[in-house]
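What follows is a single structure, written as structure tokens, with notes after it.
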Amino acid sequence: MSAVPNATKSPSLLSNRFIQTIIFSNVLLQIGIWVRNFAILLYVAEKTNKDPYAISLISLAEFAPIFVFSFIGGTFADRWRPKRTMIWCDLLSAVSVFAVLLTIHFGSWHSVYFVTFISAILSQFSQPSGMRLFKQHVPEEQLQQGMALFQSLMAIFMVLGPMLGTFAYSNLGLEYSIAVMGVVFLLSALVLFRLPKDKVEPRVADTKGQFRKELSEGFRYVWQSPVLRMLGAAFILAGLAVGVAQALSLFIVTERLGKPEAFLQYMLIVNGAAMLIGGGVIAAFSKRVPPQALLGFGMLVSALCTVVIGLSTSVSITLLAQFVNGLAFPSIQIGISTMILKWSHESIVGRVNGVLMPMFTGMMVISMSLAGTLKHAYPLVTIYGGSGVLFLLGALLMIPILKQRAPENLQALPQQ
């Protein structure tokens, strides 16, 4: 339930101490993540003479932990105190960064992969803990607005992050760039001490099989909720669509537009700037729109724009489609996050997040891995048309649940 159930009118979102603290922490983490991503990417590309296999291992190190640790992390996030979990995750991330930094300094450059790998593992415990705190400390009517605010923050770093990461590596080199990451993780941990104290909740003593039981409860909770079940199906379709489009975007630039590879950065900047604007607009109007309608709208626009990008040979039309897609894309992420929070009891939100997130990421990685094979077999127009159809199917899945309202008294588990 919301943290302010008896208030007649909630204070403004930005005056919420929890929101202020989480935003500050996320700014620091985003700086570290983007510096890490580009420093390691540029370093590995330089060290291996742009070997595709070595570069692909970076993505593997980032996404593989989601499959293995998302379910586990979500379950433990529901067991442990969320504030303490987030602080420990940032501290352990900082320690691991400095440990890897020492190994790099003494000659083992391959250990750069562990910076991404360890950070990705710890985020599977920290992120669902943050969702739990969101559920506790943000009033129900402000959840969607809060998600929009965070989406705007992510969009800012999608625009500034690549420039920040490239600047850090070009001017500081790998070791100092990784040191920057370690420092910002430490600072984030310190900032998180401002969060309200964790609620002390009585827990049933651990018994043999208790963890497995709690893990299975997350799957059962999602399956027994019509809204979350539809959300999971939409996740699968969106992941498949996003993965193919993302993996083949470079060929849109070179084959459909006839531009050099470097032109891709301008498409990404246009998309990121539009996401920033879209996140701000949704933040202003999100209270009036149900999250499932937001999600359906975003997927419908993505369907149209994906097809247009695949068909277009005009730079202006492609950039316009990228911009419109960027305007609507925040509604997908905001709708998803809000639905998870509104249709999940506080005691199980970590497990629900742990069940649903791998559906999107898993399908995205699978479709990215198949993108090369599809490219050899079909023209780009057909592939992007197929991605558009997947987005459209995801939008159609929202129709049966458009009128559903989040229950006022959520139970820890649905009644059987």
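Where a number appears in this text, it was derived from the coordinates with a stated rule and is not lab data. Model, not experiment: these values are computed from the prediction. A quick note on method: Cβ atoms are made from the backbone with ideal geometry, for glycine too, and the neighbour counts reach across all protein chains shown.
Stretching the chain fully between Val281 and Leu304 yields a gain of 6.2 nm (0.36 nm per residue, less the alpha carbon separation). As a rough guide to protection, the peptides 303-309, 347-353 ranked by mean Cβ packing within 10 Å, highest first, stand as 347-353, 303-309.
Note that segment 92-107 has calculated 3J(HN,Hα) couplings of 5, 4, 5, 4, 5, 4, 5, 5, 5, 4, 5, 5, 5, 4, 9, x Hz, one per residue in order, obtained from phi through the Karplus relation 6.51 cos²θ - 1.76 cosθ + 1.60 (θ = phi - 60°); glycine and proline are x. The length gained by stretching the chain between Phe67 and Val315 to full extension, at 0.36 nm per residue less their Cα-Cα distance, is 85.6 nm. Between Arg288 and Ser108, the distance separating the two model label sites (each 7 Å from Cα on the Cα→Cβ line) works out to 5.8 nm. R0 = 25 Å: FRET efficiency of Ser15 with Glu141, Cβ-based, nearest 0.05? Given R0 = 25 Å and the Cβ-Cβ separation, E is 0.95. Test of understanding: extend the Cα→C-beta vector of Ala262 to 7 Å, then name every residue of segment 295-334 with backbone N under 20 Å from that spot. In segment 295-334, the label zone of Ala262 (backbone N under 20 Å from the point 7 Å along Cα→Cβ) covers 315-316, 319. Once you sort the root eigenvalues of the Cα gyration tensor of segment 215-401 as a ≥ b ≥ c, which label holds: rounded (a/c under 1.5), prolate (a/b larger than b/c) or oblate (the other case)? Since a/c reaches 1.5 and a/b is larger than b/c, the shape of segment 215-401 is classed as prolate.
Dividing the helix sum by the residues of the chain, where each DSSP H run of 4 or more adds -39500 (n - 2.57), gives a mean residue ellipticity at 222 nm of -27000 deg cm²/dmol. Could you list the trypsin sites (Lys or Arg not before Pro) in segment 12-51 that lie in coil according to DSSP, counting only those with at most 15 other Cβ atoms within 10 Å of their Cβ? Counting only loop positions with at most 15 other Cβ atoms within 10 Å, the trypsin sites (Lys or Arg not before Pro) in segment 12-51 are Lys50.
Taking the inverse of the average 1/r across all pairs of different Cα atoms in the chain, what Kirkwood radius in Å do you get? One decimal place: 22.2 Å for the Kirkwood radius.
Short-range pairs are left out: with C-alpha atoms under 8 Å and at least six residues apart, the relative contact order of the chain is 26 percent. The length gained by stretching the chain between Leu374 and Leu60 to full extension, at 0.36 nm per residue less their Cα-Cα distance, is 111.0 nm. With a Förster radius of 41 Å applied to the C-beta separation of Val389 and Phe167, the computed FRET efficiency comes to 0.55.
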